1. Out of B:GLY286, B:GLY294, B:GLY263, B:GLY268, report the one residue that is within 24 Å of B:ALA446 (Cβ to Cβ) and either out of contact with any Cys (no Cβ under 6 Å at 6 or more places or on another chain) or of a type in the set (Asp, Glu) (or both).
2. Would it be correct to say that B:ARG307 is among the basic types (Lys, Arg) and either in contact with a His (Cβ under 6 Å, 6 or more places away or on another chain) or in the same structural domain as B:VAL270 (by TED's automatic domain parsing) (or both)?
3. Quick check: is even one residue across the stretch B:27-45 closer than 25 Å to B:GLY209 by Cβ, in contact with a Ser or Thr (Cβ under 8 Å, 6 or more places away or on another chain) and in a helix (DSSP H, G or I)?
4. For the stretch B:351-371, how many residues meet the condition of being within 10 Å of chain A (Cβ to nearest Cβ) and at positive phi?
5. Evaluate the following for A:ALA166: is it more than 30 Å from A:ASN61 (Cβ to Cβ), within 23 Å of the chain's Cα centre (by Cα), surrounded by 19 or more Cβ atoms within 10 Å (Cβ to Cβ) and modelled with pLDDT under 95?
6. Could you list, in sequence order, all residues of the stretch B:316-351 that are part of a strand (DSSP E or B) and more than 28 Å from B:GLU457 (Cβ to Cβ)?
7. Would you check which residues across the stretch B:372-405 are part of a loop (DSSP other than H, G, I, E, B) and within 12 Å of chain A (Cβ to nearest Cβ) and list them?
8. A:PHE49: within 18 Å of A:GLY256 (Cβ to Cβ), in a helix (DSSP H, G or I) and in contact with a helix residue (DSSP H, G or I) (Cβ under 9 Å, 6 or more places away or on another chain), yes or no?
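The values are calculated or read from the model by the stated rules, or taken from the named source; none is laboratory data. Source: prediction; values computed, not measured. Positions of Cβ are backbone-derived with ideal geometry, glycine not excepted, and every protein chain shown enters the neighbour counts.
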Amino acid sequence: MTNTDVAAPASTAAAPRPEEPRSTALKRAALLLVRGRTLVVLVILVIIFSSISSEYLTQSNLILMTKHVAINAILAIGVTFVILTGGIDLSVGSIAGLASMVAGGLLFNGLNFPGGTVFFSVAMVLLIGIVAGALVGAVNGLLITRLKVAPFIATLGMLYVARGAAQLHSDGGTYPDLAGTEARGNTGFGFIGADSVLGIPVAVWIMVVVAAAAIVVTTKTPFGKRIYAVGGNERAAVLSGIRVNRVKIAVYVISGACAALAGLLLTSELGAAYPDTATTYELNAIAAAVLGGTALAGGRGTIIGTVMGAFVIGFLSDGLVLVGVSTFWQSVVKGAVIIVAVITEQAQQRLQSDLTRRTA
Amino acid sequence: MAEILEARNISKNYGGVRALKDVTFTAYRGQVNVLVGENGAGKSTLMKILSGSEQPTSGEILLDGEPAQLDSPRAAQARGIGIIHQELSLFPNLSIAENLFAGRELRRGGLFVDAGGQRRRAREVLKRLGQERLDPDTLVGDLPIGQQQLIEIGRVLLEDVRVLIMDEPTSALSNHEVDVLFEVMGDLRRDDVTVIYISHKLDEFRRIGDWVTVFRDGRLVAHESMSKTDTGWIVGQMVGRDPDSLYVRNSSPVGDVLLEVRGLTVPGTVKVDDVSLRVRAGEVVGIYGLMGAGRTELMETLMGMRRPIAGNVVVKGATEPKGTVQARMAAGLALVPEDRQRDGLVQTMSVRDNILLATIARMTRGGLLAGEAEQRTAKDKVGELAIKIPGLGALVTSLSGGNQQKVVLARALLTEPVVLLLDEPTRGIDVGAKSQIAGLMAELAAQGFGVLFISSELAEVMAMADRVLVMARGRITAEFTAENVTEEALVTASAADSVLEATT
């Protein structure tokens, strides 16, 4: 689950190894299973739910569930960047809400100048919403790096500030109609959240693009390596000439931008902007990252794991609803799955260090 | 002369490393038994065995002539053996009295902590330690480090100890605090308590010790009554006969000045005080000193990890004013830090990623990492430095200490430095790897690098350095060339309080 592939390297495999004890072989198999656990769990969930309900595995239900997954996955991808550096971002739900209100206000009321009111195109509105999220992320980053506020505290504070700002934006009200008019040139906001292309919701396409971009950034760029280095050992990163503060600010900006995008998708889907959009979504996002094998201590985790984690949470929630489990039990099951995930993560670390010691 | 504690034919293996080789050690009742030896000589391992926190691979321990089973620190404590570790194990968030009684609180009514009683007993202990002016309610975290050390000793005094082991207790103490500690040790000796005292400071332990035992490479090489020894004899025993067989001497021609430091001053608990030095191309310069002398702080300041309040750093004739890690790296400095685990390695990353960490931005094509270039660059360095690895993708933590050190060195070399700063480059690695690292340093000097390294080992610094600078309390107290350096001169200068004392 780390970016550092530890699979038995060729040179050791070639070296004459004393007869491998069966316990080692068993451990190898266990490690493989534990590493791919998110996928294993997902497959098991699909099997269980589809055997209970014939509707679970239908095309329309799969598309619907994936659409639900998309929004949490985008939030979780942003949060994963932060967690990889050893930080945490609790403000993503509120940032999503704030971006929702910023976009809603621009579409519904436009921007009032002394000389009159200006309406922006949907593309501009989306851009402004995402930039707003990125700016809030930048504030988080500056608080954490320049003022040395602990990430938990800084983003907990921002959770309240951004939510409050979202409510202030409309004085607590909802922007009910975001369809826009031809005259104002701002129609089509519904496209990203409510439309489909090639039979697949646009929101899902956007998730795929965001995930692909995040995978490239984390695995194929120097910046990605620096993120892992900062989370793995900050002091070593400093000594290697990495500008640790810049890396940290950047990940909070990414997280803020992803959160804003998720908020805009939600708003588009609903066709209305209300200030409580995405309340408590930060917890689902963090849960997806952790389920996908991201270590809260930093330095370990993958984007693909996080996306899988979001699928497990989404498919589990929707499945429980579909088979008629009460919301109270849904909550219990979801919580238990997250805790089990962290326990298996530790088992993976143990197995891994056990096996590397043997090969060393 | 009654012996109280005897370790017979003790051996201890850690994996393939033999930390202790058939050691027979005797501590005499009511005496101060001093243990000396270089880092890694086996002193601390033996003390861990005697205090129950490690078990010997073979051999037995006799207490009062009876075989004793010390299979846990608790078991050793029950037999009256107490230990004070070099690293403090206090709770900074608790008061002095609470620290003294942590884990064995005085009770009242079987349920409640008897805070008043603890305070009273704490005052007695503080008086015995010459600290009667300290309030037992003071938070330990608010005390200077020297007084904290005394509190640690106070904890042991509260127990009924018959054998007290002290592992370098004076490394953080001021002169006055050392005097107090020695008075306490004198008291203990009068109370028939046996003290086993590990120290590096020759001038100090000669004052207090009755017996001296010298360790080298896991063996006990000498055991003598202190009065029959002198400093030269002890150093000779510590170093052994022929350190040159282990280390490679640099013999390259010396070129231009690559690094010049002028008047560098950094405040702090461990300070750097008005340090000036030069390193030339092809030169290997050693910095010798005791723990806390400011050597690591000097290196970290040169590398831009700490902010000086005065002084210049000139690399290749150009002053580097910014003083950030990036600027110093670009100017041509590279640091291999002392604590690999804390400052060197990213434990969650592979060997390849660790080697390339500082220069990863150069490995790109069109903004994306070129896996091929990464692989080739890392592989070349692995070959060049003869790093033994299971594979470039293996976790860096799966390597041995010596090979981990080479990974950090490889990363430093990839930044294309002109001067390499090495902080205790051979610490915690086995003898073979030491000799390889030493060979690499001489080779790098021959290639025209300037090399500045820190060492706490006399033999190492004498055998490897063209010039040796000695640091004490933040200052450079002496400078020697390879021709005129002697063990005694180094030891004297490293304990010096001022430049004046050292030059006499």
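1. Checking each option against the conditions leaves just B:GLY286.
2. Criteria met by B:ARG307.
3. Checked the stretch B:27-45: no residue is closer than 25 Å to B:GLY209 by Cβ, in contact with a Ser or Thr (Cβ under 8 Å, 6 or more places away or on another chain) and in a helix (DSSP H, G or I).
4. Of the residues in that region, 1 qualify.
5. Yes: the conditions hold for A:ALA166.
6. Those that are part of a strand (DSSP E or B) and more than 28 Å from B:GLU457 (Cβ to Cβ): B:ALA318, B:THR319, B:SER350.
7. Within the stretch B:372-405, B:LYS388, B:ILE389, B:PRO390, B:GLY391, B:LEU392, B:GLY393, B:ALA394, B:LEU399, B:SER400 meet the criteria.
8. In short, no.
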